[in-house]
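Bear in mind these aren't lab numbers, they're just calculated from the coordinates by the rules spelled out. Every value quoted in this text rests on a predicted model; they were computed, and no experiment measured them. Note that each Cβ is placed from the backbone with ideal geometry, even for glycine, and that neighbours are counted across all protein chains shown.
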Amino acid sequence: MPTRSVEMRGERDGLDGARESGTTAVRPRGGPRTVGRAAAWARRAPLLPALVFLIVVTQLPFVATVVISFVRWNALAPENRGFAAFDNYKAVFTDPAMRSAIWTTVLLTVTVVLVSLVLGLGLALLLDRRFKGRGIVRTMLITPFLVVPVAAALLWKHALYNASYGLINGSLTWIWKLFGSADPPQPDWMTAAPLASVEVALIWQWTPFMMLILLAGLQSRPADAVEAARMDGASAWDVFRYLTLPHLRRYLELAALLGTIYVVQNFDAVFTITSGGLGTGNLPYTIYQTFYQAHDYGRASAQGVVVVVCSLLVAAFALRTVSSLLREEVTR
Amino acid sequence: MSATTVRAAAPAERRRRRTGSLLGLAAWLCGIAFFLPVAWMVLTSFHSEADAATNPPSVGAGLTLHGYREFFGAGTGVSPWPPLINSLTASVASTLLVLALAVPAAYALSIKPVRKWSDVLFFFLSTKMLPLVAGLLPVYLIAQNTRMLDNIWLLVILYTSMNLPIAVWMMRSFLAEVPVEILEAASIDGAGLPTTLVRIVAPVALPGIAATALISFIFSWNELLFARVLTGIVAGTSPVFLTGFVTSQGLFLAKVCAAATVISLPVLAAGFAAQDKLVQGLSLGAVK
């Protein structure tokens, strides 16, 4: 099916091409081949500015990164610059901090994406029904996503997690007082569970994102199929398992993929809430630190190259998912 | 239908209505739970510093504009306007540039598709998957050598490249909705390119352009890492300015909450006003 529809697009090209060569047959200017080539370039022309811009701004710096990764270069000791062969890579692979950064990145991303996907699905199901004030609830639910990420991170760190006056411990004091106790637990959340603190703040921000995409998916579900299944005596669980979930698959994959793209690269929350301390330094933060604080340009570049190679492996997998989505869309 | 089945159906109907209202209640509770931190942020921003830092929290404390006065430079004399204007410049200019590049590109990927258009599309998306931080150092070095450090236009260029892949995807998916038959009919009727663009493509593309602009604006406004590394006193943006509000001495919570509220306001306003566009944009146009 997919291939056929792609061929149909091809035919459309062919038709256009025939029409164009038809007009040129009346006014022959060059050989048919040069005309075809000119037409192809005319087609490509609108695409080129974006393509060239993106290659220059995003791809060329990566080439420079690869080159610098083979140079011994610390900005604090500029006279000691020279060819380093694989020294930077050796340093990167033997550095326990780098290994821990990779692990932290995986853990942080998987936890945040999965938990916010599940919560987002639950909320989307709750919102996919008629009830009083649905519009207000929807607006309240998307608010966290619309808070500027640094502001959200500062909010969680100082107004909620803070051990002495944060809202969480403040509420604990209040609840304990309610039951007549003057000795409420007052944990220091960010040192007791540093990674979880970052994760909770991110889950709070990304759940609305997942919910919005999944809710749109739910609302595009054909209502008559659900109605027919209900008439045939299918339980709510059966409807969810055999109708809703298969329909939502595309949306779940899309939400997970986009969430992963953004959460893998998270810098704001790690930088603000824990400053990468206590095992929360993920890859973006670690590279930032090597470059901006340690001024070790060579090693920062080697770290960058390692991250890019890892990302490419993940991306190849993820892109296959999207490409199946694209084919479904084209077939439609 | 006999009387007995009607009587049997009544309790089932009542039960369904009861679970219905329970689920509605659950939705309300979830909504309030997710909204609570933001409500707390706004409430704290109107408290005095002393009331903001109490345990248990002083919910009913008197309201004051002290935090906002501090944000607008009452205590320190540092004006928040330069960073706010920098953020606005970077976001608006990069959004315009994104649209100028993405709309023609999307046209060449959907309406008159180039050969191997899907490969090109995936190339765009793949650049989004490479972590930006890996290209940060060369960008920094180039900017240093060309004296572009602490210049807002450097951020405009970088934010454009950051949002361009997403914008191309979104615009392509919108333009793919333009019906082929109508395009062909128009071309047979002798409609020129301008007429086709204005009459047939624009109506379908405009909602897509709005959604793309919204997303591009939000992501540019929010960006911290590049702004922090590549700007200083002159071109610093609002998120960078915000991180400077945390001090090691004294109380700062009300002030930080006021700053966080003001800086989030443009995104909140845009997002609330265009909730449908937000969904379209976030799903790369997969949801219409």
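Along its principal axes, what span do the Cα atoms of segment A:44-114 show, with the longest given first and each in whole Å?
That works out to 47, 45, 20 Å along the principal axes.
Could you state the principal axis extents of the C-alpha atoms in segment A:174-260, from the largest down, to the nearest angstrom?
Principal axes ranked by extent give 58, 34, 16 Å for the Cα atoms.
In debye to the nearest 20, how big a dipole does the protein assembly as shown give about its Cα centre with +1 on each Lys and Arg Cβ and -1 on each Asp and Glu Cβ?
Working: 48 positive and 33 negative charges, 271 e Å.
Rounded to the nearest 20 debye, it is 1300 debye.
Just to be sure I understand: if I project the alpha-carbon convex hull of chain B onto a plane and average over all orientations, what area do I get in nm²?
Working: hull surface 103.9 nm².
So the Cα hull casts an average projection of 26.0 nm².
Quick one: Karplus J couplings for segment A:253-263, per residue in order, coefficients 6.51, -1.76, 1.60, θ = phi - 60°, nearest Hz, x for Gly and Pro?
5, 5, 4, 5, 5, 5, x, 4, 3, 7, 6
Which whole number in µm²/s is D for segment A:90-199 by Stokes-Einstein, with the Kirkwood Rh taken over Cα pairs at 4 °C and 1.567 mPa s? Please report the intermediate quantities before stating the final value.
Details: Rh = 17.4 Å.
Result for D is 75 µm²/s.
Using a Gaussian network for chain A with springs between C-alpha atoms less than 10 Å apart, which of these wobbles most: A:297, A:251, A:262?
Highest fluctuation of the listed residues: A:262.
Taking the Cα atoms of segment B:72-174 alone, what are Rg (to one decimal) and Dmax (as a whole number) in Å?
17.4, 61
For chain A, what are the per-bin percents of Cα-Cα distances with bins 10 Å wide, up to the bin holding the maximum?
Per 10 Å bin, starting at zero, the Cα-Cα P(r) for chain A comes out as 5, 16, 21, 21, 18, 12, 5, 1, 0, 0 percent.
With a cut-off of at most 14 other beta carbons within 10 Å, and DSSP calling the residue loop, which trypsin sites (Lys or Arg not before Pro) in segment B:20-125 qualify? Please list them.
On the way: sites: B:69, B:115, B:116; in loops: B:115, B:116.
Passing sites in segment B:20-125 are B:115, B:116.
What are the ³J(HN,Hα) couplings of segment B:196-212, residue after residue, when phi is run through the Karplus curve with 6.51, -1.76, 1.60 and θ = phi - 60°? Round to Hz, x for glycine and proline.
So the J values, rounded to whole Hz, are 4, 5, 6, 7, 10, 7, 4, x, 7, 7, 4, x, x, 5, 4, 5, 4.
Would you list which lysines come within 22 Å of residue B:277, measuring only between C-alpha atoms, while excluding same-chain residues fewer than 8 positions from it?
B:128, B:288
When the convex hull of the Cα atoms of segment B:165-235 is projected onto a plane and the area is averaged over all directions, what value comes out in nm²? Write out the running numbers ahead of the final one.
On the way: hull surface 25.7 nm².
That works out to 6.4 nm².
Can you work out ³J(HN,Hα) from phi for every residue in segment B:133-145, in order, using Karplus 6.51 cos²θ - 1.76 cosθ + 1.60 and θ = phi - 60°, giving whole Hz and x for Gly and Pro?
Per residue, the Karplus-derived 3J(HN,Hα) values read 4, 5, x, 5, 4, x, 4, 4, 5, 4, 4, 5, 6 Hz.
Quick check on segment B:46-114: what are the equivalent-ellipsoid semi-axes from the Cα gyration tensor, as sqrt(5λ), descending, whole Å? Let's see the in-between values first.
Working: eigenvalues 448, 63, 10 Å².
Square roots of five times the eigenvalues give 47, 18, 7 Å.
In percent, what relative contact order does chain A have, based on Cα pairs under 8 Å that are 6 or more apart in sequence? Don't jump to the answer; show the numbers that get you there.
Numbers: 317 pairs, mean separation 93.1, N = 332.
Relative contact order here is 28 percent.
Once you place label points 7 Å from the Cα toward the Cβ at residue A:66 and residue A:129, how far apart are they in nm?
Label at residue A:66, label at residue A:129, 5.5 nm between them.
Compute the length gained on full extension between residue A:37 and residue A:81: take 0.36 nm times their separation in residues and subtract their Cα-Cα distance, giving the result in nm to one decimal.
Values: separation 44, 0.36 × 44 = 15.84 nm, distance 4.86 nm.
Stretched out fully, the residue A:37 to residue A:81 stretch lengthens by 11.0 nm.
At q = 0.11, 0.19 Å⁻¹, what base-10 log of I(q)/I(0) does the Debye formula yield for segment B:1-143 when every alpha carbon is treated as an equal point scatterer in vacuo?
Relative scattering, expressed as log10 I(q)/I(0), comes to -0.91, -1.18.
If R0 is 35 Å, what FRET efficiency do you get for residue B:187 and residue B:274 from their C-beta distance, rounded to 0.05?
Numbers: r = 34 Å, r/R0 = 0.97.
The pair residue B:187/residue B:274 has a calculated efficiency of 0.55.
Over the Cα atoms of segment B:14-83, how large are the radius of gyration and the largest Cα-Cα distance (Dmax), in Å?
19.2, 64
Over all Cα pairs of the protein assembly as shown, how is the pair count split among 10 Å bins, expressed in % and running from 0 up to the last occupied bin?
P(r) over the protein assembly as shown, rounded to whole percents: 3, 14, 23, 24, 18, 11, 5, 2, 0, 0.
If you place +1 on the Cβ of every Lys and Arg, -1 on the Cβ of every Asp and Glu, and leave all else neutral, what size is the dipole of chain A about its Cα centre, to the nearest 20 Debye?
Numbers: 30 positive and 21 negative charges, 227 e Å.
Charge dipole, chain A, about its Cα centre: 1100 debye, nearest 20.
For chain B, set up a GNM with springs between Cα atoms under 10 Å and report which of B:238, B:216, B:173 has the largest fluctuation.
B:173
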